[in-house]
Amino acid sequence: MQSSSSAAVPAASLPRPRSVGWARLPVWVRRGLIFAVLIGLWQAYVSYADPDPLVFVGPWDTLQALWDGWRDGSLARATWETLRLLGIGTGIGALVAAVLTIFATLTKIGEDLLILLTSIMNPLPGVAMLPLALLFFGLNTNAVLFTIANATIWPIAINISTGFRTVNPTIAAVGRNIGLSPIRLATDVLAPSALPHAISGLKTAWAFGWRTVVAAELVFGAFGGEGGVGFYINNARLYLLTAQMLAALVTIAALGVLFETLFGMLERRTIVRWGMKTS
Amino acid sequence: MPPSGTPLNTERRPASAEGLDAPLLRVEHVQLGYWGAKGFELAVDDVGFDVAPREKIIVIGPSGCGKSTLLKAIAGFLTPVGGSITVAGRTSLTPGPDRAVVFQEFDQLFAWRTVLDNVAYPLRVNGRRKAAARAEAHKYLELTGLERAFDRYPHQLSGGMKQRVAIARALALEPVILLMDEPFGSLDALTRARLQGELNSILDRTPTTLLFVTHSIDEALVLGDRVVVLGNAPSSVQEIVDVRDVGPPDSPAYAEMRRRLRRLLAEQGEEVDEDAVFV
């Protein structure tokens with residue numbers, strides 16, 4: 001017996017909108033061209049208006065500062081320090097979120113508590129907690145870790161617990177039917193079912209945490225030994241090293257793009273591949 | 001159609017203490033209900049019947065009569081408030097692979113597993129080694145005509161193919177009794193008729209005992225040995241009809257039996273659905 005219908009309709013048979021000129025170029029060419037034009041405008045402004053280099057510099061000087069900063073290690077060390085704080089903070093946040101999620105999944109009161117806490121804490125900009133954290137922990141790394149953890153707990157917890165609570169009852173029933181123990185049901189059926197929510201929670205958490213850590217460093221400088229990339233920017237401002245400020249901004253933006261790409265790869269290998277999210 | 005070869009697993013026998021002639025499934029004065037908006041509502045009031053080994057029992061009845069509820073109780077997802085359900089000598093039932101269920105919903109497959117894995121994984125859960133589980137999964141997927149879809153993910157399959165995978169998964173578990181809850185209810189009429197025919201020929205080649213819930217008279221006549229007709233909720237058995245000898249859908253005996261079942265359901269005020277293919 002043969003299957004009568006194939007799931008996918010060949011895309012080529014669908015009528016395509018007629019596209020001309022610009023729209024027909026590949027996406028990377030289009031974006032690359034726009035990027036080049038923007039850089040050109042930047043260079044043109046610096047060349048013709050000739051602003052004071054203490055206030056604004058061109059793309060070439062920025063690139064130079066970026067190169068120098070990464071070669072002498074100052075910008076690399078600052079970036080690494082920021083990522084380290086972000087990693088530890090998000091790790092703590094994820095751990096607390098896991099406890100809250102388990103509690104919220106197992107009990108109704110836990111669920112109510114989580115929803116209430118999230119609706120209160122989530123709208124608060126993460127960095128707004130920093131002064132309070134400084135009061136609790138003093139002017140040290142713990143204060144900024146606390147702030148990052150707080151910024152990441154809520155999006156992770158609310159997304160994963162939503163993921164668990166919205167697992168399709170049929171697939172959970174199938175899991176019990178084939179003889180899974182409660183623990184294996186959680187790890188082998190509920191967890192993968194909740195993966196789309198979990199990934200979107202991690203994405204939000206990374207974005208919140210990243211903004212929070214850079215802002216915290218900008219406002220309060222270095223915590224303990226090494227300063228992060230926010231501190232680097234603020235330092236550059238003090239010494240009127242505009243090119244260094246721009247180089248740090250480019251670094252932050254590039255890291256943002258890198259993380260988005262990594263999340264995109266993770267999604268394509270899992271939930272997009274499994275049809276749980278349309279790309 | 002699968003090639004009509006030698007029967008599979010003829011040695012498989014129910015683990016009944018009472019011997020082979022004892023009913024495999026005994027439903028006695030079963031009463032079932034659920035907590036709804038108006039407090040506890042009775043869905044099934046008093047239902048009883050026996051199922052012999054290798055028998056195909058169809059449970060049919062008006063919408064909301066509790067036929068799916070009854071199947072869930074036999075599967076162990078619900079506990080009767082009265083009466084008893086005995087499967088192969090056991091009464092206190094929790095969900096288990098000895099009563100593998102095929103549901104109506106297409107998303108009863110694990111979206112993150114390939115077709116082959118969807119069938120092999122439950123076997124691994126129940127103690128098979130990896131190679132043995134895969135070999136067994138191969139066999140049952142070939143039986144259901146899916147030999148070319150092993151590596152696909154469920155979202156790449158049509159509705160009919162998804163239901164075939166679910167049937168292969170349930171059969172591979174070699175259940176004491178196979179439970180099917182309107183598995184073809186969401187399919188178009190043509191696919192539905194084809195799958196009914198295929199299921200029949202598969203059941204002829206495997207020593208499967210079947211309990212099949214449907215609201216389609218034609219499905220009952222095509223698949224069943226006996227048909228249990230339930231009344232309106234809270235339901236009881238209206239009649240148990242032997243349909244073994246009705247012959248093909250174009251025979252006079254079939255038409256006669258069809259009229260009889262229609263009358264029985266019409267007495268319950270049911271809008272009897274027409275299966276266009278067989279009319």
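The values are calculated or read from the model by the stated rules, or taken from the named source; none is laboratory data. Note that the coordinates shown come from a computational prediction; the quantities given were computed from them, not determined experimentally. We place every Cβ from the backbone using ideal geometry, glycine too, and count neighbours over all the protein chains shown. Only protein heavy atoms, including side chains, enter the accessible area calculation; ligands, DNA and RNA are left aside. Shrake-Rupley method; radii C 1.70, N 1.55, O 1.52, S 1.80 Å.
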- Is one or more of the residues making up the stretch B:156-178 more than 21 Å from the chain's Cα centre (by Cα), assigned to a helix (DSSP H, G or I) and modelled with pLDDT of 95 or more? yes
- Candidates B:Asp204, B:Asp188, B:Asp218 - the one that is touching an Asp or Glu at 6+ places or on another chain (Cβ under 6 Å), over 24 Å from B:Thr86 (Cβ atoms) and outside the structural domain of B:Lys139 (by TED's automatic domain parsing): B:Asp218
- Message: Can you tell me which condition B:Ala111 does not meet? The list is (1) in a helix (DSSP H, G or I); (2) touching a residue at least 40 places away in the same chain (Cβ under 8 Å); (3) facing chain A (nearest Cβ under 10 Å); (4) under 19 Å from A:Trp274 (Cβ atoms), and all the others hold.
- Response: (1)
- Name the single residue, out of those in the stretch A:73-85 being part of a helix (DSSP H, G or I) and not aliphatic (A, V, I, L, M), that is surrounded by the most Cβ atoms within 10 Å (Cβ to Cβ). A:Thr82
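Any residue in the stretch A:114-127 that is small (Gly, Ala, Ser), over 25 Å from the mean Cα position of the chain (by Cα) and closer than 30 Å to A:Leu185 by Cβ?
For the stretch A:114-127, residues small (Gly, Ala, Ser), over 25 Å from the mean Cα position of the chain (by Cα) and closer than 30 Å to A:Leu185 by Cβ: absent.
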- Given (1) away from every other protein chain (no Cβ under 13 Å); (2) at pLDDT below 95, index of the condition B:Leu211 fails: (2)
- Message: Is it the case, given these coordinates, that B:Leu93 is among the hydrophobic types (A, V, I, L, M, F, W, C), more than 8 Å from chain A (Cβ to nearest Cβ) and in contact (Cβ under 8 Å) with a residue 24 or more places away in the chain?
- Response: no
- Message: So in the stretch B:250-268, with the set limited to residues that are of a type in the set (Lys, Arg) and loosely packed, with under 14 Cβ neighbours inside 10 Å, which one is modelled with the highest pLDDT?
- Response: B:Arg259
- Note on the structure: Only one of A:Leu258, A:Leu246, A:Leu218 is under 23 Å from A:Gly126 (Cα atoms) and in contact with a helix residue (DSSP H, G or I) (Cβ under 7 Å, 6 or more places away or on another chain), namely A:Leu218
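For every residue, the table says whether it meets (1) acidic (Asp, Glu); (2) at pLDDT 95 or above; (3) open to solvent by 20 Å² or more (accessible area, probe 1.4 Å); (4) assigned to a helix (DSSP H, G or I).
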site	(1), (2), (3), (4)
B:Ser186	no, no, yes, no
B:Arg194	no, no, yes, yes
B:Arg244	no, no, yes, no
B:Glu274	yes, no, yes, no
- Message: Just checking, does the stretch B:93-107 include any residue being more than 20 Å from B:Gly76 (Cβ to Cβ) and either open to solvent by 50 Å² or more (accessible area, probe 1.4 Å) or outside the structural domain of B:Asp204 (by TED's automatic domain parsing) (or both)?
- Response: yes
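Matching residues to (1) over 21 Å from A:Ala248 (Cα atoms); (2) surrounded by 15 or more Cβ atoms within 10 Å (Cβ to Cβ):
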{"residue": "A:Ser47", "(1), (2)": "yes, no"}
{"residue": "A:Pro53", "(1), (2)": "no, no"}
{"residue": "A:Val57", "(1), (2)": "no, yes"}
{"residue": "A:Arg71", "(1), (2)": "no, no"}
{"residue": "A:Gly87", "(1), (2)": "no, no"}
{"residue": "A:Leu100", "(1), (2)": "yes, yes"}
{"residue": "A:Thr105", "(1), (2)": "yes, yes"}
{"residue": "A:Gly110", "(1), (2)": "yes, yes"}
- Item | Residue satisfying all of: in the stretch B:79-92; of a type in the set (A, V, I, L, M) and buried (at least 20 other Cβ atoms within 10 Å of the Cβ); nearest to the chain's Cα centre (by Cα) among these | B:Val87
- Task: Considering only the stretch A:129-170, state which residues are open to solvent by 40 Å² or more (accessible area, probe 1.4 Å), outside any helix (DSSP H, G or I) and at pLDDT 90 or above.
- Result: A:Thr166, A:Asn168
- Query: Which residues, taken from the stretch B:55-85, are in a loop (DSSP other than H, G, I, E, B), touching a His at 6+ places or on another chain (Cβ under 9 Å) and within 12 Å of B:Asp181 (Cα to Cα)?
  - Reply: none
- Flagged pairs (Cβ under 8 angstrom, 6 or more apart or on separate chains; first in the stretch A:158-174, under 13 Å from A:Ser200 (Cβ atoms); second among the small types (Gly, Ala, Ser) and surrounded by fewer than 19 Cβ atoms within 10 Å (Cβ to Cβ)) are A:Ile160/A:Ala98
- Residue by residue through the stretch B:19-54, note down the ones that are part of a loop (DSSP other than H, G, I, E, B) and at pLDDT below 90. B:Gly19, B:Leu20, B:Asp21, B:Ala22, B:Pro23, B:Ala37, B:Lys38
- Right, B:Arg148: part of a loop (DSSP other than H, G, I, E, B) and within 11 Å of chain A (Cβ to nearest Cβ) or not? yes
- Query: Among the residues of the stretch A:206-213, is there at least one that is assigned to a helix (DSSP H, G or I), open to solvent by 60 Å² or more (accessible area, probe 1.4 Å) and within 16 Å of A:Gly89 (Cα to Cα)?
  - Reply: yes
- Task: Kindly provide the set of residues from the stretch B:114-145 that are in contact with a Phe, Trp or Tyr (Cβ under 8 Å, 6 or more places away or on another chain) and within 11 Å of chain A (Cβ to nearest Cβ), ordered by number.
- Result: B:Thr114, B:Asn118, B:Val119, B:Tyr121
- Note on the structure: Considering residues that are surrounded by 21 or more Cβ atoms within 10 Å (Cβ to Cβ) and out of contact with any strand residue (DSSP E or B) (no Cβ under 9 Å at 6 or more places or on another chain), the number found within the stretch B:164-174 is 5
- Message: Show the residue pairs meeting these rules: Cβ distance below 7 Å; 6+ apart or different chains; first residue within the stretch A:251-279 and under 26 Å from A:Gly228 (Cβ atoms) and within 14 Å of chain B (Cβ to nearest Cβ); second residue hydrophobic (A, V, I, L, M, F, W, C) and crowded, with 16+ Cβ neighbours inside 10 Å.
- Response: A:Leu266/A:Ile199
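Among the residues of the stretch B:197-230, how many are of a type in the set (D, E, K, R), open to solvent by 10 Å² or more (accessible area, probe 1.4 Å) and closer than 12 Å to B:Ile60 by Cβ?
As a first pass, look at the stretch B:197-230 and keep what is of a type in the set (D, E, K, R): B:198, B:204-205, B:218-219, B:225-226.
If we keep only those that are open to solvent by 10 Å² or more (accessible area, probe 1.4 Å) as well, we get B:204-205, B:225-226.
Add one more test, that the residue is closer than 12 Å to B:Ile60 by Cβ, and what stays is B:226.
Count: 1.
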- Query: So, of the residues in the stretch B:153-163 that are closer than 16 Å to B:Glu198 by Cα and facing another protein chain (nearest Cβ under 8 Å), which turns out to be surrounded by the most Cβ atoms within 10 Å (Cβ to Cβ)?
  - Reply: B:Met161
